[in-house]
Amino acid sequence: MDEDISGRKNELFQQLTLGIIKTLEKRPGIFGISLAEKQGADRSTVLSWEQKHSCFLPDDLKNFYLTSDGLLLTWKSKIAGASIPVGRMEINPVSGLTRIGGIMGSSSPGVPSLADLENDSDTEDEKLGETKPHFDQRSRIFELDPCQGYGKVCIVYKDTKPVLPAHYPEVWFLDRSLQWHFLAENFSSYYRVMLMHLGLPQWQYSFTDIGLSPQAQQWFNHYAPIRYDLDFDSYRDLTSEESNGQANNMQLDSGRVFKGKSDKRKQPSNQAAKKKVPMLAGKPQPMLGQRSTGAMPQISSKATK
């Protein structure tokens, strides 16, 4: 009887991780794969969280929590006989979905809060055209993954209003400089991307203009070279499209740049012939971190039964 229960649990966790454990077991040099078994959260716990924060969890994330209250999958690598912790895939439990920001001002006059540091001049992701989250009352932000201190993966409810409940959160990455980077439009999409990157160190930075650190690049080259090449090519194409657009829109307004000097002495203005910058031919391909156009698979609620 106990063996049957254990077998069903193993099968459930294999389905929950989409077979990533078997994939890791086949990789040379990977050992010490550990998946913390967690019981599903009670519906009352989920409902209490929603009521407390006036936010509705999306169905895919809610079904995940009813199946397993969080996730912690780690693995190690053996190099020159030394055991080194490398991979880590983590999702906070319901109790760990703590709020970030959201309060204007600070109890200590000399200590600024995240809302005090809000910069209205940087409200849009220039590459993706996504409106960035705000640390004030305009967004409700909750930590999904602490990322071992090198950033935070968050679920973000945007365009929120006081008292009214919030719906349909997105997944964003907050780096250590407090800059936002779009990851996925829903939890299911983010969950798949996390598994595809094998929980390698700092993999979220492949979706940013900062890029991977040299050490993180070495781990990618060793265990996920194809994924690293795909991320690099996607970001390179994205930045090339952005630079072409900036070249077409960049014009020098001498009247504004030299304002004051032109008022004292007027000079004849000769307009140079404008040269058009050729655009790249072909339709742009969808990039990593962009919104998907198709419906993403969600974690089935059957797994909660």
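The values are calculated or read from the model by the stated rules, or taken from the named source; none is laboratory data. What you see is a predicted model; the values in this text were computed from it and never measured. When we count neighbours, we look across all protein chains shown, and the Cβ atoms used for this are built from the backbone with ideal geometry, even at glycine. Surface areas here come from the heavy atoms of the whole protein model, side chains and all, with no ligands, DNA or RNA. Shrake-Rupley method; radii C 1.70, N 1.55, O 1.52, S 1.80 Å.
Taking region 27-100 as the region of interest, the strands (runs of 3 or more DSSP E) fully inside it that hold 2 or more residues being open to solvent by 70 Å² or more (accessible area, probe 1.4 Å) are 71-79, 82-91.
Scanning region 147-176 for residues that are farther than 22 Å from Glu50 by Cβ and either of a type outside the set (D, E, K, R) or in a loop (DSSP other than H, G, I, E, B) (or both) gives Cys147, Gln148, Gly149, Tyr150, Gly151, Phe173, Leu174, Arg176. Listed here are the helices (runs of 4 or more DSSP H) enclosed by region 177-271 that have at least 1 residues being modelled with pLDDT of 90 or more and in contact with an Asp or Glu (Cβ under 7 Å, 6 or more places away or on another chain): 187-196.
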